[in-house]
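Scroll down for the structure; my scribbles are underneath it.
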Amino acid sequence: MALAYLALKLTASKEIDLQNLAKGEENTSRIELYKGKPYTAFTVTDIKALIKQRAAADGENKRILWLGFSQLHYINQYRKGDHLSPYWLRNAWSNPDALEPLGCSLPNANIQEYLILSRYAVDRIPVNMVIVSLVFDKLREDGLRQEFSEILTSDTTAEIRQSSKTADNIIQRFKASGEGAVGGEDVLADTWQLSMEQWMNDKLSAISKLWSDRRQIEGNVFVVLYNLRNWAFGIKPTTVRKVIPARYERNMDALRDMLDDLQQRSIPILLYIVPIRQDKPIPYENDRYIQWQIDVAAMAHQYGARLVNLEKLVPGELWGSYTGNELDFMHFQGEGHRLVAEALFPHVKEMLKGGTQ
């Protein structure tokens, strides 16, 4: 018991940024502003606020929903003057006032989360085009993170669940996981039990810092176990990631569902396979990675989406490390963001049928 208490105290003394657990010391999270207002966001809370803000905005600008993971909002070895890809895309347009690339990304985002964010956004704001960043590694991720309870209210849950079986399954699994009550169906809401639990939590928090900090401690313990697992099994950024079949299928089903929904809404779709470090062996099962690209190409063709492969776009000198000697295969320096925007711009220009260099 004494050892357990000591371990809790040591864990509780550390403030670990759980949102950015995997980013490493070399990566910096950024947002982009235009005339004082953000047009990129990398938490569910901020994405919700961004969508709400744009729903109230006037104007006839061309609006792009750009869905991504941390590559869209991290800059490796950040330097003054560096910007994210949405910034460079906006500034490539003849009139930056007339193009609004809303960069909505989450650390380690999977395609199931893309699907829910896409449905949430296009039901609330006019969208002229959707850009989707695709990375093979994130097909190992699964389900929705707890923060999605912020946008899965009773109204949004009903409209998203009714839209497709895939979306309904994602939300049902989210509910069953206990990550968060959704759909206004929290059975404890406004009950004596909930009031008593809240009273007890408040009292315990007042007399015990361990109790008041229990959510952070839980996360810290996860981080310690995560790092211990990596150390014990020798898992490094260069370690080959194995495909997890069930998760792969759930994410590919979500991609299919999202493409089908956007096609039915007549919203142009630009998919791109993200840049990955090429100066070292890619940590993927090569045969599965190639087959995934074939699967994505077939799906893009089926739903009238355009697919661009940017995996070899960013040269080796623009990559860095997470920390120390741990190579970073996913996050590049500021110049890499400009290269991504330059590669996508001709496609955006053609698909939106406007803008001049």
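Of all residues in region 34-45, those that are surrounded by 15 or more Cβ atoms within 10 Å (Cβ to Cβ) and without any contact (Cβ under 8 Å) to a residue 40 or more places away in the chain total 1.
Scanning region 248-268 for residues that are closer than 26 Å to residue 342 by Cα and surrounded by fewer than 22 Cβ atoms within 10 Å (Cβ to Cβ) gives 263, 266, 267, 268.
The condition of being in contact (Cβ under 8 Å) with a residue 12 or more places away in the chain, under 18 Å from residue 310 (Cα atoms) and surrounded by fewer than 24 Cβ atoms within 10 Å (Cβ to Cβ) holds for only one of 94, 85, 70, that being 70. Of the residues making up region 295-302, one or more are farther than 16 Å from residue 138 by Cβ and crowded, with 19+ Cβ neighbours inside 10 Å. Restricting region 236-248 to residues that are touching a Leu at 6+ places or on another chain (Cβ under 9 Å) and modelled with pLDDT of 85 or more, the residue that is nearest to residue 168 (Cα to Cα) is 247. Of the residues making up region 51-100, those that are assigned to a loop (DSSP other than H, G, I, E, B), touching a Gly at 6+ places or on another chain (Cβ under 9 Å) and of a type in the set (A, V, I, L, M) number 1. All conditions in (1) under 22 Å from residue 27 (Cβ atoms); (2) in contact with a helix residue (DSSP H, G or I) (Cβ under 8 Å, 6 or more places away or on another chain) hold for residue 80, with the sole exception of (2).
Here region 121-144 is the region considered, the condition is being touching a Phe, Trp or Tyr at 6+ places or on another chain (Cβ under 6 Å), of a type in the set (A, V, I, L, M) and modelled with pLDDT under 95, and the residue that is surrounded by the fewest Cβ atoms within 10 Å (Cβ to Cβ) is 139.
When region 327-343 is filtered for residues that are small (Gly, Ala, Ser) and within 13 Å of residue 82 (Cβ to Cβ), the ones remaining, listed by number, are 334, 336, 341.
The values are calculated or read from the model by the stated rules, or taken from the named source; none is laboratory data. The structure presented is a predicted model; accordingly, all values stated were derived computationally and were not measured. Ideal geometry is used to build each Cβ from the backbone, glycine not excepted, and the neighbour counts take in all protein chains shown.
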